[in-house]
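*Asks:* Take a look at this one; I'll ask things after.
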Amino acid sequence: MIRPARAEDAGALATLELDAFGSDAWSPAQVEAELAGATRRVMVAEADGRVIGYGAISIAGDVADLTRIVVTESRRRAGVASALLAALHDAAARAGVERMLLEVAESNVDARAFYATHEYAEISRRRGYYGDGDDALVLARAVP
């Protein structure tokens, strides 16, 4: 089940962050700020009464930045990320967004393939953007 995130989800989201990103994870305070932000939309995936993933966007006018999609490791490659992305596209469309942007590491072949299947295309590159020197690819797609 996909639903809008609630304040009481903050602890579960912070745990997902830490599991997925380690030292690059958002802090609990950053997660809480995402949940409280007026220009933010956060969607949660639940199964068996527990949070198994989430996605977040930040909206600025007619553009939204996809800031996160995180799925617990045991539920990856089961359609959860696609369901979250679809819910975020719907939330963006309801907010009047026309285009969604995101950044992905050039070396993250799996993520790049995932976004390509969802009609994202590269529009720019940020050389040496990540701490390890990897380039960030800026991807975009229209929000129907």
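Each value in this text was obtained by applying a stated rule to the coordinates, not by laboratory testing. Only a predicted model underlies this, so the values are computations on that prediction, with no experimental measurement involved. Ideal geometry is used to build each Cβ from the backbone, glycine not excepted, and the neighbour counts take in all protein chains shown.
*Asks:* What does the charge add up to near D9, with Lys and Arg as +1, Asp and Glu as -1, over the other residues with Cβ less than 14 Å from its Cβ?
*Replies:* +1
*Asks:* Tally Lys and Arg at +1 and Asp and Glu at -1 over the other residues with C-beta under 15 Å from the C-beta of I52: what net charge comes out?
*Replies:* So the surrounding residues net to 0.
*Asks:* Cα-based Rg (one decimal) and Dmax (whole number) for the chain, in Å?
*Replies:* That works out to 14.5, 42 Å for Rg and Dmax.
*Asks:* Let me ask something additional. Using modelled backbone amide H atoms (1.01 Å from N, in-plane), which distant-in-sequence or interchain residues come within less than 5 Å of I52's amide H?
*Replies:* Hits under the 5 Å cutoff: A45, E46, A47.
*Asks:* Taking the Cα centre of region 5-98 as origin, work out the dipole magnitude from +1 charges on Lys and Arg Cβ and -1 charges on Asp and Glu Cβ, in debye rounded to 20.
*Replies:* Dipole magnitude for region 5-98 comes out near 200 debye.
*Asks:* What's the ranking of 2-11, 35-44 by average number of surrounding C-beta atoms within 10 Å, highest first?
*Replies:* Taking the mean over residues of other Cβ atoms within 10 Å, the ranking is 35-44, 2-11.
*Asks:* Can you give me the relative contact order of region 2-142 as a percent, contacts being Cα pairs under 8 Å and 6 or more apart?
*Replies:* Result for region 2-142 is 18 percent.
*Asks:* Enumerate the calculated ³J(HN,Hα) couplings along region 88-100 in order (Karplus 6.51 cos²θ - 1.76 cosθ + 1.60, θ = phi - 60°), each rounded to whole Hz, writing x wherever the residue is Gly or Pro.
*Replies:* Going residue by residue, I get 5, 4, 4, 4, 5, 4, 5, 8, x, 6, 10, 9, 10 Hz, with x marking Gly and Pro.
*Asks:* Long-range amide H contacts for Y130: which residues qualify at under 5 Å (H placed 1.01 Å from N, peptide plane, sequence gap of 5 or more or a different chain)?
*Replies:* Correct list: A136.
*Asks:* Can you give me the C-alpha center-to-center distance between region 8-42 and region 47-64, rounded to a whole angstrom?
*Replies:* 10
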